[in-house]
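A quick write-up on the structure given underneath.
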Amino acid sequence: MRALVKTAAGPGKLELQEVPVPQTGADEALIRVKACGVCGSDLKIQDDRHPYTPPVVIGHEFAGEIVQVGEGVLSWKVGDRVVSEQHIGACGHCRQCLTGNAFACSSKRAPGYFSEGAFAQFIKVPAWLLHRIPDNLSYIEAAFSEPSAVAAHGMLDRTGIAPEDVVLILGCGPIGLVAAKMAQVSGASKVVLTGVDRDEIARLPKARQLGIDHAVNVSRVDLAGLVDDLTHGEGADVVIELSGALPAIAQAFQLARRLGRVGIIGQPPGDEIAIPYRQAMFRALTVSFSYSSKYTSWERVLSLFERGAIQPAQFITHVLSLEEWERGFDLSRRGEAVKVVLEP
Ligand SMILES: [Zn+2]
Ligand SMILES: [Zn+2]
């Protein structure tokens, strides 16, 4: 089968290759990949700025059809339309797995980074990770489930949104955009989403088209002043950091109100980050760090998609063939696309 392979460590080293179709084990399903989204972390793997184990097929935001199931798989059958959680290799026995947090299992090997991913014609996954795609969603729309589940996990599962909340979301990539919409449909009183000049190409216009209350270019607008105005000087009830940018990370702590909640999802470039620690402490902020997603995150997303409260098609600006992956990556990198989906 054709697959996009990171062949070795180092920048570049990404190419389409012929690789064997995966052999499914007893508890696994083989999925014909119908659509797989291009993620910021795929670009980072291309640039060698994200961990991975080469050689590895990359791509993790996938949707597809089951074409084969192992003899131990009872609840899925050939022809089922599915998306999948990312916890390949999770042990099922540790504290994290047993409490529904397999995303944090130490033996997990996420597809597209540490095990074979989905920019390929087929992928195999343990059947317990699968979720059913609602009938009214296309495969291309369903491929937006994974980044949306990351937003749902960090914001709904771990930080929480209440009806009176003013929610500030820093960073308007695809996850920031869907998080902003998700905060709105979860009842937030006001949602502010931020970007910078380069986001004026596609992402901030998309935020305005989605009807986000305030889509703000912080290169031009005084964000702290706006938050003050919206909250009578108190600060945001909830801040979700999705940019990974150092000034925004510091701002996440500064712009939350006393006893406010800060959710950190964006990945910064390095390990040691300066934050206003005493300010955060003496305003008694609740801070939740988050990555990946869990069962509830996926069910929430698929429910929001099924009833049209969030329409994934609004976020997908380009659909290309797997052969056109370089163009898709470039469109994403230049900020001209919101979400690019490849069809293997
Ligand atoms: Zn992703
Ligand atoms: Zn485990």
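Values quoted throughout were computed directly from the atomic coordinates according to the rules given, and no laboratory measurement underlies them. Bear in mind that the values here come from a model prediction, so they are computed numbers and not experimental data. When we count neighbours, we look across all protein chains shown, and the Cβ atoms used for this are built from the backbone with ideal geometry, even at glycine.
Which residues' amide hydrogens lie under 5 Å from the amide hydrogen of Ser107, considering only partners 5 or more residues apart or on another chain, with H built in the peptide plane?
Cys91
Give the cross-link partners of Lys294 among the aspartates and glutamates, using a straight C-alpha distance below 14 Å as the criterion and excluding same-chain residues fewer than 8 apart.
Glu85, Glu146, Asp157
Could you tell me how far the Cα centroid of the range 89-151 sits from the Cα centroid of the range 192-234, in Å?
32 Å
How high is the relative contact order of the range 276-344, given as a whole-number percent (alpha carbon pairs under 8 Å, six or more residues apart)?
26 percent
Binning every alpha carbon pair distance of the range 73-116 at 10 Å from zero, what are the percents per bin?
28, 39, 32, 1
Which length gain, in nm to one decimal place, applies between Asp229 and Asp27 when the Cα-Cα distance is subtracted from 0.36 nm times their residue separation?
67.2 nm
Run the Debye formula on the Cα coordinates of the range 173-252, all scatterers equal and no solvent, and tell me log10 I(q)/I(0) at q = 0.11, 0.12, 0.13 1/Å.
Taking Cα atoms of the range 173-252 as identical point scatterers yields -0.25, -0.31, -0.36.
Are there GluC sites (Glu not before Pro) in the range 68-125 that DSSP marks as loop and that have at most 12 other Cβ atoms within 10 Å, and which are they?
Glu71
Straight-line reach from Lys206: which aspartates and glutamates fall under 16 Å, measuring Cα to Cα and dropping same-chain residues less than 8 apart?
Counting by Cα, and skipping residues close in sequence, Lys206 has these aspartates and glutamates nearby: Asp197, Glu336.
Percent antiparallel among DSSP beta bridges with both residues in the chain, to the nearest 5?
Here the share of antiparallel DSSP bridges comes out near 50 percent.
Is the chain rounded, prolate or oblate when judged by the Cα gyration tensor, a ≥ b ≥ c being the square roots of its eigenvalues, rounded requiring a/c under 1.5 and prolate requiring a/b larger than b/c?
prolate
Could you order peptides 168-178, 151-161 by the average number of other Cβ atoms within 10 Å of their residues, highest first?
Listed from highest to lowest mean packing, they are 168-178, 151-161.
At a threshold of 8 angstrom on Cα-Cα distance, excluding pairs fewer than six apart, so keeping six or more, what relative contact order does the chain reach in percent?
Worked out over the chain, it gives 18 percent.
What distance in nm lies between label points placed 7 Å from Cα along the C-beta direction at His50 and Glu164?
Distance between label points: 3.9 nm.
Kindly give the semi-axes, whole Å and largest first, of the ellipsoid equivalent to the range 1-93, taking each as the square root of 5 times a Cα gyration tensor eigenvalue.
Those come to 26, 14, 13 Å.
Suppose each label sits 7 Å from its Cα in the direction of the beta carbon; what would the Arg278-Glu336 distance come out to in nanometres?
Result for the modelled spin labels: 4.9 nm.
May I ask you to derive the FRET efficiency for Val67 and Gln17 from their Cβ-Cβ distance with R0 = 22 Å, giving the value to the nearest 0.05?
0.55
If you scale each eigenvalue of the Cα gyration tensor by 5 and take the root, what three semi-axes come out for the range 121-247, rounded to whole angstrom and sorted largest first?
Sorted largest first and rounded, they come to 29, 17, 13 Å.
On a C-alpha basis, how far is the centre of the range 174-188 from the centre of the range 278-344 in Å? Whole number, if you could?
Cα centroid to Cα centroid, the span is 11 Å.
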